[in-house]
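Q: Encoded as structure tokens, here's the structure I'll be asking about.
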Amino acid sequence: MNQELLILQFQKKNVNAYEKLYNMYCDSISGVVNTIVKDHNVTQEITQDVFIKAWNKADTYSAKKGRFFTWLLNIARNAAIDYTRSKKHKQDKQNLNADFFVDILENTDSLESSVDTIGLKEMVLNLTDKCKAIINLLYFKGFTQKEASEELNIPLGTIKTRNRSCIGELRSMLNI
């Protein structure tokens, strides 16, 4: 089925379209969310919430503004970041078990270890080191631009400019 037609049906609240889009994008969305929250159970919960939010706000999607997957990805990323900033997450972090810390030590916390189901990792790895660092912090680790500025010890304006430039490079790789 044509994806544009599928999205149009989704916007008209067609349950079959919802199921097809969910099956198409669930793994990718879960991968992005899990990269940020690092908890399988929470990832599943947030992924479900993302698709429910998309369903409820389907009328706000516009193909003129970007691709459906990008729209969905932004909802997922924002939901995951919101969770990490929530009181519940902060309380849960205070009571972490040793398995969590073992995972952190084993995880290099870099782009190479990120879940990648759409080939994005390889595209990011082809970017310059400056772009890799910014994309890693902003999109894979969920840092704000201000936090990335502090982490990399670079002015906020430079972070914003490089981010736009790096996203432009990724778009050119995708021929968007």
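Q: So how many Lys-Lys pairs in region 1-69 land under 29 Å Cα to Cα, not counting same-chain pairs under 8 apart?
A: Qualifying lysine pairs in region 1-69: 19.
Q: Taking the Cα centre of region 2-50 as the origin and placing charges on Cβ (Lys, Arg +1; Asp, Glu -1), which of 37, 21, 9 is farthest toward the positive end of the dipole?
A: 9
Q: Applying a 10 Å radius around every beta-carbon, put 61-68, 136-143 in order of their mean neighbour count, most first.
A: 136-143, 61-68
Q: Residue by residue through region 37-49, what is 3J(HN,Hα) from phi via Karplus (6.51 cos²θ - 1.76 cosθ + 1.60, θ = phi - 60°)? Round to whole Hz and write x for glycine and proline.
A: Computed from phi, the couplings for region 37-49 are 8, 6, 8, 4, 5, 5, 4, 4, 4, 5, 4, 4, 4 Hz.
Q: Here's another thing I want to ask about it. Calculate, in nm to one decimal, what residue 48 and residue 164 gain on full extension: separation in residues at 0.36 nm each, minus their alpha carbon distance.
A: 38.8 nm
The numbers here are math on the coordinates, done by the rules we state, and not lab data. None of these values were measured; they are calculated from a predicted model. Here the Cβ is made from the backbone with ideal geometry for all residues, glycine too, and neighbour counts use every protein chain on show.
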